[in-house]
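Worksheet for the structure shown next.
The values are calculated or read from the model by the stated rules, or taken from the named source; none is laboratory data. This one's a predicted model, so the numbers in the text were calculated from it and none came from an experiment. Cβ placement follows ideal geometry from the backbone for every residue including glycine, while neighbour counts extend to all protein chains displayed. The accessibility values were calculated without ligands, DNA or RNA, using every heavy atom of the protein model including side chains. Shrake-Rupley method; radii C 1.70, N 1.55, O 1.52, S 1.80 Å.
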Amino acid sequence: MGSLPNLIRNDSPAARGVDPRERLIVALDVSSAAAAQKIVAAVGDSALTYKVGMQLYTAVGPQIVRDLVASGRRVFLDLKYHDIPNTVGAAVAEAEKLGVSMLTVHATGSSKMLRAAVDAAKVRPELTVLAVTVLTSLDGHDIETIGVRGSVEDSVLRLATLALANGCQGVVTSARETSTLRAKLGGHFAIVNPGVRPAGSSVGDQVRVVTPAEAIASGASHIVVGRPITEAADPAAEARAILAQIS
């Protein structure tokens, strides 16, 4: 998934011809393989990529990743690795063996850790390493509380610059900072926006929230949508509605 069209800039002619399913990641934030597979079956051909995060991975382990990959789905492994470089490099090497298409590390792990992750992923060039900048559940007060000076946008820009300088193919941030990243850093890298909610949906525990259309308009290459799709009466219909918004 590290190859085009995933890394093309949102406002380029090539981007306008991208299948919107290339941009949508459905979050499998459930606690059993059966629940996850039920969602995948219900969504059907309306999505190509599924996020496996800490909840599902902790509950059922790596087999769910193997099963999704074997069924032809792409997996965004969102475990947000953040540890010493050797440990993170080893974890990324194991994730590569599982066949994931995208995975996350924390940009705050700094240069050596980021480089270890990128180097471990080079075995499979199409594997996209994404650096998480500032979680979408955090606001300015939250980052000040943990001793980070400046605005959320300042932190996102600083961490994204660090990640790209150390070989990451993209970053994870809210759409509220995405337009700034595109303006300052260009269009050659992926930007994944979590915390995306269709208009009228509950925002849950997210703070920096936008709609799917707003995220893509800001320059996101991918959006992550969970509960609005997975808890819908008709997940496939909800996914199609979101695809229409980002086409």
Self-check item: Leading residue by the ranking (farthest from A116 (Cα to Cα)) among those in the stretch 86-100 that are open to solvent by less than 50 Å² (accessible area, probe 1.4 Å) and either in a helix (DSSP H, G or I) or hydroxyl-bearing (S, T, Y) (or both)
Solution: L98
Practice problem: Please find, among D83, D67, the residue that is modelled with pLDDT of 95 or more, over 13 Å from the mean Cα position of the chain (by Cα), outside any helix (DSSP H, G or I) and surrounded by fewer than 20 Cβ atoms within 10 Å (Cβ to Cβ). | Solution: D83
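Residue by residue, here is whether (1) under 13 Å from the mean Cα position of the chain (by Cα); (2) over 20 Å from G89 (Cα atoms) holds:
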position: A121; (1), (2): no, no
position: V132; (1), (2): yes, no
position: L135; (1), (2): yes, yes
position: D139; (1), (2): no, yes
position: G150; (1), (2): no, yes
Exercise. Would you tally the residues in the stretch 23-34 being buried (at least 16 other Cβ atoms within 10 Å of the Cβ) and either within 22 Å of A190 (Cβ to Cβ) or without any contact (Cβ under 8 Å) to a residue 12 or more places away in the chain (or both)?
Key: 7
Self-check item: Matching residues, the stretch 143-161, being open to solvent by 50 Å² or more (accessible area, probe 1.4 Å) and part of a helix (DSSP H, G or I)
Solution: E144, T145, E153, D154, R158, T161
Quiz item: Considering only the stretch 119-142, how many residues are open to solvent by 10 Å² or more (accessible area, probe 1.4 Å), at pLDDT 95 or above and of a type in the set (A, V, I, L, M, F, W, C)?
Solution: 2
Self-check item: Single condition L185 does not satisfy, out of (1) modelled with pLDDT of 95 or more; (2) farther than 26 Å from D45 by Cα; (3) surrounded by 22 or more Cβ atoms within 10 Å (Cβ to Cβ)
Solution: (3)
Quiz item: Which one is surrounded by the fewest Cβ atoms within 10 Å (Cβ to Cβ), of the residues in the stretch 101-113 that are under 27 Å from L48 (Cβ atoms) and out of contact with any Ser or Thr (no Cβ under 8 Å at 6 or more places or on another chain)?
Solution: H106
Practice problem: Keeping to the stretch 101-135, report how many residues are in a helix (DSSP H, G or I) and not acidic (D, E). | Solution: 14
Self-check item: Residues being open to solvent by 60 Å² or more (accessible area, probe 1.4 Å) and modelled with pLDDT under 95 - total across the stretch 162-179
Solution: 1
Quiz prompt | Test set (1) among the hydrophobic types (A, V, I, L, M, F, W, C); (2) surrounded by 24 or more Cβ atoms within 10 Å (Cβ to Cβ); (3) assigned to a helix (DSSP H, G or I) - A220 fails condition number | solution = (3)
Self-check item: Output for the stretch 121-164, where each listed residue is of a type in the set (G, A, S) and in contact (Cβ under 8 Å) with a residue 40 or more places away in the chain
Solution: A131, S137, A160, A163
Practice problem: Working only within the stretch 50-63, note down all residues that are out of contact with any strand residue (DSSP E or B) (no Cβ under 6 Å at 6 or more places or on another chain) and open to solvent by less than 30 Å² (accessible area, probe 1.4 Å). | Solution: L56, G61
Quiz item: If a residue has to be β-branched (V, I, T), closer than 20 Å to L127 by Cβ and modelled with pLDDT of 95 or more to count, how many in the stretch 1-58 make the cut?
Solution: 4
